[in-house]
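The values are calculated or read from the model by the stated rules, or taken from the named source; none is laboratory data. Just so we're clear, the structure is a prediction, and the values are computed from it rather than from any experiment. Positions of Cβ are backbone-derived with ideal geometry, glycine not excepted, and every protein chain shown enters the neighbour counts. What goes into the accessible areas is simple: the full protein's heavy atoms, side chains included, and nothing from ligands, DNA or RNA. Shrake-Rupley method; radii C 1.70, N 1.55, O 1.52, S 1.80 Å.
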Amino acid sequence: MGEARDDPRVFLVEPEMRGVIPLDGFHIPTRLRRTVRSEPFEVRGDTAFGAVIDACAASAPGREDTWINAPIRRLYLELHALGRAHSIECWRDEALVGGLYGVTLGGAFFGESMFSRATDASKVALVHLVARLKRGGWRLLDAQFRTPHLDQFGLIETPQFVYLEMLERALTVQPDAAVLIRPLTGVEAIAYSLQPTTQAS
């Protein structure tokens with residue numbers, strides 16, 4: 001992480017309690033299910049990775065600064081070029097209105113940041129991400145820190161030593177990364193995100 005947008009330094013954070021969204025315990029609030037099914041956005045994967053990072057780093061009410069500085073942006077763009085970092089994007093009338101990005105390693109996906117310029121856009125992106133992760137065979141969705149925003153999706157906090165065991169198991173899996181860019185309907189996104197991982201194809 002960076003201390004601030006204009007601070008060139010980067011430091012590592014290893015929280016004692018790790019925020020994880022269990023793929024088999026993913027919860028979608030009822031109202032959000034209706035929103036996802038109604039498809040208010042066109043959801044795409046990896047079509048505007050740099051723009052998603054920039055939107056996540058942009059100032060917003062209550063969050064004037066960001067931990068995403070120039071070195072971090074450059075490193076994530078390099079990871080994206082290597083096929084290791086991905087974005088899920090919500091578009092409306094060809095405008096990017098929400099999304100998220102993260103890094104994949106083995107069967108672990110490390111969510112980094114999300115943004116929303118339209119109601120529920122980041123939430124819809126998360127549902128679509130989980131659907132793709134489960135369909136492609138991922139085993140771990142690392143959210144890093146617990147937030148009230150993520151609690152509604154079933155996030156749990158796990159001690160770091162337990163998290164490392166989960167991570168070790170996930171790293172043995174080789175998921176199908178191509179599913180991250182395949183289109184899904186809203187109905188499909190709901191269905192895949194709620195089905196058991198043992199049945200994901």
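Values as computed for the structure displayed
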{"quantity": "Bins of 10 Å, starting at 0 and running to the largest distance - Cα pair percent for the chain", "calculated": "9, 36, 40, 14, 1"}
{"quantity": "Share of carbon and sulfur in the accessible heavy-atom surface of segment 105-170 [1.4 Å probe, %]", "calculated": "56 percent"}
{"quantity": "√(5λ) per eigenvalue of the Cα gyration tensor, segment 157-201, largest first, Å", "calculated": "26, 14, 10"}
{"quantity": "Semi-axis lengths, Å, segment 103-201, gyration tensor of Cα atoms, sqrt of 5 times eigenvalues", "calculated": "21, 18, 12"}
{"quantity": "Long-range amide H partners of Arg18 with built H, under 5 Å", "calculated": "Thr158, Gln160"}
{"quantity": "Within-15-Å neighbourhood charge of Thr197 [Cβ basis; K, R +1; D, E -1]", "calculated": "+3"}
{"quantity": "Ordering of 80-87, 103-110 by packing [mean C-beta count within 10 Å, highest first]", "calculated": "103-110, 80-87"}
{"quantity": "Per residue solvent-accessible surface (Å²) - the chain, probe of 1.4 Å", "calculated": "49 Å²"}
{"quantity": "Net charge contributed by nearby residues that have their C-beta within less than 15 Å of Asp151 (K/R +1, D/E -1)", "calculated": "+2"}
